[in-house]
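Below is one structure; the comments refer to it alone.
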Amino acid sequence: MGFNTVSIFMVPVLMWLIDKPFFFKGIEYSILKQQMRNEGLISILFNASVGTSVIYQMAGVIISGGFLIYIIVSELYIIAVINVAKGSEIQPFWMLVLRKTCGSTKNGTLHILFGLLILIICFTMITGILPNVLKLI
């Protein structure tokens, strides 16, 4: 449960990093919002420098949201295992939850490695590291 707790606290840190990316420092988000209101979102996305950063940051945020759902499902699995093992009064409900969530977290080491990989991908996308590395290739 420790990895899940730390992971849940990392998502707000990633959201905070959206305003303070490492490599997209030249972008003024207030001016960008004004341009989006005037010209529309599509025209901003076709601007080479701004569009790339916005697309990578949006993808990082979407992946972070999916990661949060993954962590919540794994937390439900842990709670269901505990309640089934202790013989809870509503055991049929916890058995159903256990059956529905069992596929995502059978192996603890794999769960942690997958979670770290997703967190690293989100971090590199939101902060601008991944687009700059891809430019160099």
Inset, instruction - Answer yes if at least one residue in the range 24-45 is at pLDDT below 80, buried (at least 16 other Cβ atoms within 10 Å of the Cβ) and aromatic (Phe, Trp, Tyr), and no otherwise. - result: yes
Inset, instruction - Considering only the range 30-137, give the helices (runs of 4 or more DSSP H) lying wholly within it that have at least 1 residues that are under 23 Å from PRO12 (Cβ atoms) and either in contact (Cβ under 8 Å) with a residue 24 or more places away in the chain or among the basic types (Lys, Arg) (or both). - result: 48-86, 108-127, 129-136
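The values are calculated or read from the model by the stated rules, or taken from the named source; none is laboratory data. All values derive from a computational prediction rather than experimental measurement. Using ideal geometry, Cβ is built from the backbone for each residue, glycine included, and neighbour counts are taken over all protein chains shown.
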